[in-house]
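Here the structure is laid out as structure tokens; the discussion comes afterwards.
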Amino acid sequence: MSASEIRKRYTDYFVRNGHTLLGSADIVPKSDPSLLFTNAGMVPFKQFFLHPHTAPHKMITTVQKCIRAGGKHNDLDQVGHTPRHHTFFEMLGNFSFGAYDKRAIIRMAWRFIREELQIPEELLRVTVLESDNETFSIWRDDIGLDSGRIGRCGPKDNFWSMGSGEGPCGPSTEIFWDTGDTRYAKDDEERWLEFWNLVFMQFYRSADGAMRPLDIPCIDTGMGLERVAAIMQGRTSNFDTDEFQTIIEGIGGLQRSETSQPAEAHVALTCKRIIADHLRASSFLISEGVCPSNTGRGYVLRRIIRRAARAGRRLGVSGPVLPALYPSLEAAMGAAYPELIERREHIISVLRSEEHVFEKALDRGTTLLESIFASADKGAAKVLSGADAFALYDTHGFPIDLTQIIAKEHGWTVDTDEFDRIQKQSRLSNKMSWKERSVAQDSIAGEIKSALVEWQGAGITSRFCGYDVYPEASAHVSQSTVVASRELSNGDALLVIDPSAFYAMGGGQESDAGTITVAENCKSGASHEFAVKRAVVLPDGRTTVLHLADVGDKQHLLSAGKRVTAAVDMRRRCGNAVHHTATHLLHAALQKTVGGSVRQAGSLVHPDGLRFDFTSSALSEVQLRAVEQQVNEAALSNAAVCVSEMTLEEAKARGATAIFGDKYNPQCVRVVEVPGVSMELCGGTHLPRTKAVFPFHIITEGSVGAGTRRIEAVAGVAGSAWLQQQLEHARAAACVLGAARPSELAKNAQRLADKAKAQREEAEQWL
């Protein structure tokens, strides 16, 4: 039974039993910034286990794409060395949100195994939680399974809970298959392969560990497709099943280097398995917009590609292995996952680019390592220092695990403790956010940072009231009280007022500016105005600190308790709001035009324009014009920009887009939505309606790295000014080229070009 048939039989069976079939969620979680990747079938439904009444269907079945590489769930280093570890795998799952109980799912599961898969009962056994007598009785009395085939295990094996410990949880029952491996006795657990886990969500565990029964119990099951395929095809290794073998057989057709030596049989087998697994994982990651980099998901992808590239080199493959093998992946899985065919060019381009870069790094790194090995004193411990390993990683992009592999092949070890220590120090020094780096450009950076840390420790706080400042207002003036101030050595000052309408730098948006006015002489009515050059936040992420310019000898006017008049520069605020709302519309238009693989990779919003980085291959001129048109149409629709606050789980359930790596308060997040167009978690300032975004113009689009593009654009008043500037340039060019109007520019330019070409050709005849 092929993997394709197993997928269909599974989903058809549960659809016949009342379930709704949903497509696989992305392996890059759209609304869960806490996860690197979707690593289990239940991940897309986490919020429904917390709130079952919000589930779109009471019974659901899926075939979920999963990645386990990087982070807490990491199988990368085991891949190729064991028969069943994978970085990419598919999880067959069915879920109930209050529709049926454990007795019903056990019956359904057993019928599927016995009737659809026709696995003999004598090759099956199950385990239950040692204290779960109800489940034991269901297997023995309802199903009729012999008690000797029902094992009782502790919570480590048969009790499921969320990674954090807090949340829905419950006992599970696992179903095993007898592999028939004669190296082990019949009752040896190594002989038995677990292939289906049925979890009964019965309890809620609080942060203190206390458990209470759930009002609505749920069911969560997961069965690994690759494992079931091995069972149904009579294989002891997942890599010997049909889809893997299609890819592995393709390796045999790749061109070999003339100088390569054939690898030993066991080495060759391991390398082929690594390549087959990593081609699947890397291709699906790239199809969803992940690009190789030195951090986060991008670094995991880079490790996967480079590990496969080195396996290809050990096999003697000439040139990049993954792009050459891609047609085999399409043949194996293209029918089940059309995105592999639709995004072929982008995937192959990223794979080829990364392998080319790594080929050079591998040559340099291998040469450096071999020189270290060769120069070591005889009799000395064969330990590569952490400093050398980090230099290879930091300077040459050489992953530490690859350094360890090569070292092991030469009989060396790596001082990973020293490596981890140096890497941690490097991360701390590089951890400063872009807004902190902006502050650090000043000569007074140390003073500012010291004041921020001190005020944070002292509990200095203020309320932010800037969301009530609407961009169309000509001015915004409010009365506030000084909470704290600090004079700086260059004559500037830091100030905290409560409340504060000034938006601080954050979320890719530049800060507000404006003025602070203080009464200087109450009797005469004289006052003094201070310029607010920027605003930053305390480490708590909530309290705004104003940076005042040229306070000089007027510092005494800013003592705690003083009443001040705060005025936000509305031209600047409006420019920021226009371009922040335009950024959301641009992101949505890119996803609609280019595809769901587009992911935000960085942004900058300022009063005069925006910059947006995203994962994609180069856009055509037609695509750029389509994106531009969609943003302008959304702007001219004058749709309301709706802002609401809710819990993070509620926002995820509504489908709001979150940015991986950003930290969100699980109790309260801000959702900015243009109905039917865009919905994102965002703390920035926005327009109340979209009309002011018009006109929107893309100025440039280009590459900023492998698989990452950048758009620079203008909108609103800045867009009109840019358009006027372009018209003036066109008029000036028309004057030079003798065109009566700008529309004749192209014709006159072409005439001059043709004339110049004819003159060159005539001149060449005389030479």
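Numbers at a glance
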{"item": "Number of positions in region 52-91 that are touching a residue at least 40 places away in the same chain (Cβ under 8 Å), within 17 Å of G41 (Cα to Cα) and open to solvent by less than 60 Å² (accessible area, probe 1.4 Å)", "result": "17"}
{"item": "Some residue of region 711-723 being within 30 Å of S353 (Cα to Cα), among the β-branched types (V, I, T) and in contact (Cβ under 8 Å) with a residue 12 or more places away in the chain", "result": "yes"}
{"item": "Pick from region 485-494, criterion open to solvent by 10 Å² or more (accessible area, probe 1.4 Å) and outside any loop (DSSP other than H, G, I, E, B), ranking: nearest to T543 (Cα to Cα)", "result": "S485"}
{"item": "Residues satisfying the stated conditions in region 737-756, i.e. surrounded by 11 or more Cβ atoms within 10 Å (Cβ to Cβ) and of a type in the set (A, V, I, L, M, F, W, C)", "result": "L737, A739, L745, A746, A749, L752"}
{"item": "Matching residues, region 168-189, being at pLDDT below 85, over 30 Å from S206 (Cβ atoms) and not in a loop (DSSP other than H, G, I, E, B)", "result": "E189"}
{"item": "Criterion (surrounded by fewer than 19 Cβ atoms within 10 Å (Cβ to Cβ), without any contact (Cβ under 8 Å) to a residue 24 or more places away in the chain and farther than 20 Å from R205 by Cα) met by exactly one of E134, E121, E115", "result": "E115"}
{"item": "Complete set of residues in region 401-422 that are open to solvent by less than 50 Å² (accessible area, probe 1.4 Å) and at pLDDT below 85", "result": "D401, L402"}
{"item": "Residue match in region 210-231 (condition: assigned to a loop (DSSP other than H, G, I, E, B), aliphatic (A, V, I, L, M) and either crowded, with 18+ Cβ neighbours inside 10 Å or without any contact (Cβ under 8 Å) to a residue 24 or more places away in the chain (or both))", "result": "yes"}
{"item": "Elements of type strands (runs of 3 or more DSSP E) contained in region 567-667, each with 3 or more residues being closer than 23 Å to Y503 by Cα and open to solvent by 20 Å² or more (accessible area, probe 1.4 Å)", "result": "600-606, 642-646"}
{"item": "Failed item in (1) assigned to a helix (DSSP H, G or I); (2) at pLDDT below 90; (3) over 30 Å from F284 (Cβ atoms), with G379 passing the rest", "result": "(1)"}
{"item": "Unique residue being outside any strand (DSSP E or B), open to solvent by 20 Å² or more (accessible area, probe 1.4 Å), under 30 Å from S644 (Cβ atoms) and at pLDDT 90 or above when the list is T461, T481", "result": "T461"}
{"item": "Flag for L687 being open to solvent by less than 30 Å² (accessible area, probe 1.4 Å) and within 18 Å of the chain's Cα centre (by Cα)", "result": "no"}
{"item": "Residue match in region 271-286 (condition: open to solvent by 10 Å² or more (accessible area, probe 1.4 Å), aromatic (F, W, Y) and under 20 Å from E355 (Cβ atoms))", "result": "no"}
{"item": "Members of region 495-522 that are in contact with a helix residue (DSSP H, G or I) (Cβ under 6 Å, 6 or more places away or on another chain), part of a loop (DSSP other than H, G, I, E, B) and without any contact (Cβ under 8 Å) to a residue 60 or more places away in the chain", "result": "A513"}
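Residue by residue, here is whether (1) farther than 26 Å from T593 by Cα; (2) part of a helix (DSSP H, G or I); (3) at pLDDT below 90; (4) among the aliphatic types (A, V, I, L, M) holds:
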site: C291; (1), (2), (3), (4): no, no, yes, no
site: I304; (1), (2), (3), (4): yes, yes, no, yes
site: P327; (1), (2), (3), (4): no, yes, no, no
site: A336; (1), (2), (3), (4): no, no, no, yes
site: S349; (1), (2), (3), (4): no, yes, yes, no
site: E355; (1), (2), (3), (4): yes, yes, no, no
site: G365; (1), (2), (3), (4): yes, yes, yes, no
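The values are calculated or read from the model by the stated rules, or taken from the named source; none is laboratory data. Keep in mind it's a predicted model, so treat the numbers as computed, not measured. Cβ sites come from the backbone with ideal geometry, for glycine too, and all protein chains shown count toward neighbours. Remember, those area values only see protein heavy atoms, side chains included, never the ligands or the DNA or RNA. Shrake-Rupley method; radii C 1.70, N 1.55, O 1.52, S 1.80 Å.
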